[in-house]
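**Q** Sharing a structure here in structure tokens format.
The values are calculated or read from the model by the stated rules, or taken from the named source; none is laboratory data. Everything quoted here is computed from the prediction, not taken from an experiment. Glycine also receives a Cβ, built like all others from the backbone with ideal geometry; neighbour counts cover every protein chain displayed. Note: accessible area is taken over every heavy atom of the protein model, side chains too, but ligands, DNA and RNA are not part of it. Shrake-Rupley method; radii C 1.70, N 1.55, O 1.52, S 1.80 Å.
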Amino acid sequence: MPHCNLVILTGAGVSAESGVPTFRTDADGLWLGHRVEEVATPEAFARDPAKVQGFYNARRRQLAEVVPNPAHRALADLAARWQGRLTLVTQNVDDLHDRAHADVPTGPGFSLIHMHGELLKARCTASGTVCDWPDDLAPAEPSPFHPAGVLRPHIVWFGEIPLEMPRIEAALAEADLFLSIGTSGAVYPAAGFVRAARAAGARTVEINLEPTKGRGVFDDGVYGPAGETLPAFLADL
Ligand code: OAD
């Protein structure tokens, strides 16, 4: 098994035990206390850049207060021993996978893809240049890359195309095993990865606090807090 091609999709549930809030927890349908279109769309940024930057500044600052949990560390340990290709695709914009993986060596078959962007990066609206950005962004942060640009969060907003889709699709097409960990499966295209993996003949496993609406598409399910279930599940692979 450690030689097969593995694709792992993670979502907010993986970071929940670190204290990073998940998205769809409010019964009233709010998204981290806001309507999505107020803070996570290109239209919102055009209309009220101070509000959007303030929302992401708060989330960026919060990263200083959280650390990787046993789920992140178990995935990093797996990457250290995995002999085949291991593509870890995260929808999370925090840097907790990055920090966990920085502590252990990873083989040449490993890659980490932040398909929804990264809080600790900013992007020039004119040139598209991406840079590290650990601090707050001003409402109209001047871009060092283009005189007509400003820096925006390097986050995929609703209505925008997720990053690195060709690489992800290529990995799914060759997957032998697909794990979906801590994601509700509410947002496409990530929610469709399980079907692409199945079409490639992969075994598919959902790992979540509880079965999601998409449970029926997976071959197997493992339920409970990921920080508790994942170390044992991955150790057995
Ligand atoms: P959601 O908030 O939609 O779902 C979180 C999932 O994690 C739920 O299915 C929970 O049951 C599960 N969960 C919570 N705590 C857990 C734990 N301790 N262990 C295991 N599972 C747990 O978050 P995502 O599916 O990640 O996009 O949301 C996908 C995307 O929606 C996000 O990336 C974001 C948002 O729009 C962008 O920002 C572009």
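**Q** As an exercise, identify the chymotrypsin sites (Phe, Trp or Tyr not before Pro) in the stretch 126-159 lying in DSSP coil whose Cβ has no more than 14 other Cβ atoms within 10 Å.
**A** On the way: sites: 145, 157, 158; in loops: 145, 157, 158.
Passing both the DSSP loop test and the Cβ count: 158.
**Q** Ignoring any ligand, DNA or RNA, what whole percent of the accessible area of the stretch 161-234 comes from carbon and sulfur when the probe is 1.4 angstrom? Intermediate values should be presented prior to the final figure.
**A** Numbers: 1910 of 3460 Å².
Carbon and sulfur: 55 percent of the exposed surface of the stretch 161-234.
**Q** Then there's this: Name the long-range amide H neighbours of residue 10: under 5 Å, sequence gap of 5 or more, or other chain; modelled H, no Pro or chain starts.
**A** 89, 90, 91, 181
**Q** Next question, about the same structure. Determine the per residue accessible area of the chain with all protein chains present and a 1.4 angstrom probe, expressed in square angstrom.
**A** 46
**Q** With a ≥ b ≥ c the root eigenvalues of the C-alpha gyration tensor of the stretch 179-224, is it rounded (a/c under 1.5), prolate (a/b larger than b/c) or oblate?
**A** Working: a/c = 2.11, a/b = 1.26, b/c = 1.68.
Oblate is the answer for the stretch 179-224, as a/c is 1.5 or above yet b/c matches or exceeds a/b.
**Q** Residues with amide H under 5 Å of residue 129's amide H, sequence separation 5 or more or different chain, H placed in the peptide plane at 1.01 Å from N; which?
**A** Under 5 Å from the amide H of residue 129: 124.
**Q** May I pose another question? Cα gyration tensor of the chain, axes a ≥ b ≥ c as square roots of the eigenvalues: rounded (a/c below 1.5), prolate (a/b > b/c) or oblate? Intermediate results must be reported in sequence, preceding the final value.
**A** Details: a/c = 1.76, a/b = 1.59, b/c = 1.10.
Taking the square roots of the gyration eigenvalues as a ≥ b ≥ c, the chain is prolate.
**Q** Which ³J(HN,Hα) values in Hz, rounded to whole numbers, follow from the phi angles of the stretch 135-149 under the Karplus curve 6.51 cos²θ - 1.76 cosθ + 1.60, where θ = phi - 60° and Gly and Pro get x?
**A** With coefficients 6.51, -1.76 and 1.60, one gets 9, 5, 9, 6, x, 10, 5, x, 8, x, 9, 7, x, 8, x Hz.
**Q** In nm, what is the difference between 0.36 nm times the number of residues separating residue 48 and residue 103 and their Cα-Cα distance?
**A** Working: separation 55, 0.36 × 55 = 19.80 nm, distance 3.91 nm.
Going from the current span to full extension adds 15.9 nm.
**Q** Could you tell me the center-to-center distance, by alpha carbons, between the stretch 188-237 and the stretch 51-125 in angstrom?
**A** If we compute the Cα centre of each part, the gap is 19 Å.
**Q** Could you give me the ³J(HN,Hα) list for the stretch 41-53, computed from phi with Karplus coefficients 6.51, -1.76, 1.60 and θ = phi - 60°, whole Hz, x at Gly and Pro?
**A** Computed from phi, the couplings for the stretch 41-53 are 9, x, 5, 5, 5, 5, 7, 9, x, 5, 5, 5, 4 Hz.
**Q** Once both axes come from the Cα atoms, what is the angle between helix 70-81 and the longest principal axis of the chain, in degrees from 0 to 90, rounded to 10?
**A** With both axes taken from Cα atoms, the answer is about 60 degrees.
**Q** If packing is taken as the mean number of other Cβ atoms within 10 Å per residue, what is the order of 191-203, 170-182, highest first? All intermediate terms of the calculation are to be shown ahead of the outcome.
**A** On the way: 191-203: 17.8, 170-182: 22.0.
Ranked from most to least packed, the peptides come out as 170-182, 191-203.
**Q** If you plug each phi of the stretch 199-211 into the Karplus form 6.51 cos²θ - 1.76 cosθ + 1.60 with θ = phi - 60°, what whole-Hz ³J(HN,Hα) values come out, in order, with x for Gly and Pro?
**A** 4, 7, x, 6, 6, 10, 10, 9, 10, 7, 4, 8, x
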